[in-house]
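The values are calculated or read from the model by the stated rules, or taken from the named source; none is laboratory data. Quick caveat: nothing in here was measured; it's all calculated off a predicted structure. Every residue, glycine as well, gets a Cβ built from its backbone with ideal geometry; the counts of neighbours run over all protein chains shown.
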Amino acid sequence: MSPNAYTFTVLVKGLVKDRWLPKVRKYLLEMMGRGIRPNAGTYLTVFEAYLLEQKVDDARALLKEMRAKGFEPNEKIVRVNLGKRDQVFRGIFYGFFYELYVQRSLRLNY
C-alpha cells in the first residue's frame with residue numbers, strides 16, 4: 001500500500017508535534033513530489049511549527065521550495081485560520097505570508 005494524503009498528513013502532523021522540523025520538510029516535499037497536495041490544516045500546522053521555533057528563514061525556504069513544486073497557499077483558508085489565533089500570532093503569521101498578499105494585492109482584516 002503506498003502512502004496517500006491521509007497517511008502523509010498524519011505523519012507530518014506527528015513530526016510537527018515532536019518538533020522534528022527537518023523530517024517534516026522531507027516528508028512534506030516527498031508528499032508533493034508524489035503529486036499529493038497538502039491540505040490547509042497540514043501546511044498551516046507546518047508553518048506554525050517553524051514560526052513557533054523561530055525558524056522564519058527555514059520556513060520561507062520551505063515555502064519557496066513548495067511554490068517551485070506548484071503549491072500556492074489558499075488565501076481564504078489562511079485568513080479563516082488566522083482568525084482563530086490571538087492577535088500576536090496573527091501578526092507573525094501575516095508577516096510570514098506578507099509576500100503572498102502583496103503579490104496579489106490582498107489585505108487581511110483583523
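Any residue in the range 52-68 that is over 17 Å from Arg19 (Cβ atoms) sitting within a Cβ distance under 9 Å of a residue that is at pLDDT below 85 and among the acidic types (Asp, Glu)? List the pairs, counting only those 6 or more apart or interchain.
Qualifying pairs under 9 Å: Arg60/Glu99; Leu63/Glu99; Met66/Glu72.
From the list Lys13, Lys26, pick out the single residue that is surrounded by fewer than 14 Cβ atoms within 10 Å (Cβ to Cβ), within 14 Å of the chain's Cα centre (by Cα), outside any loop (DSSP other than H, G, I, E, B) and among the basic types (Lys, Arg).
Lys26
Arg34 versus (1) surrounded by 14 or more Cβ atoms within 10 Å (Cβ to Cβ); (2) closer than 20 Å to Val10 by Cα; (3) out of contact with any Lys or Arg (no Cβ under 9 Å at 6 or more places or on another chain): which is the lone unmet condition?
(1)
Evaluate the range 72-89: report whether one residue or more is among the aromatic types (Phe, Trp, Tyr), surrounded by fewer than 12 Cβ atoms within 10 Å (Cβ to Cβ) and at pLDDT below 80.
So far as the range 72-89 goes, no, none of its residues is among the aromatic types (Phe, Trp, Tyr), surrounded by fewer than 12 Cβ atoms within 10 Å (Cβ to Cβ) and at pLDDT below 80.
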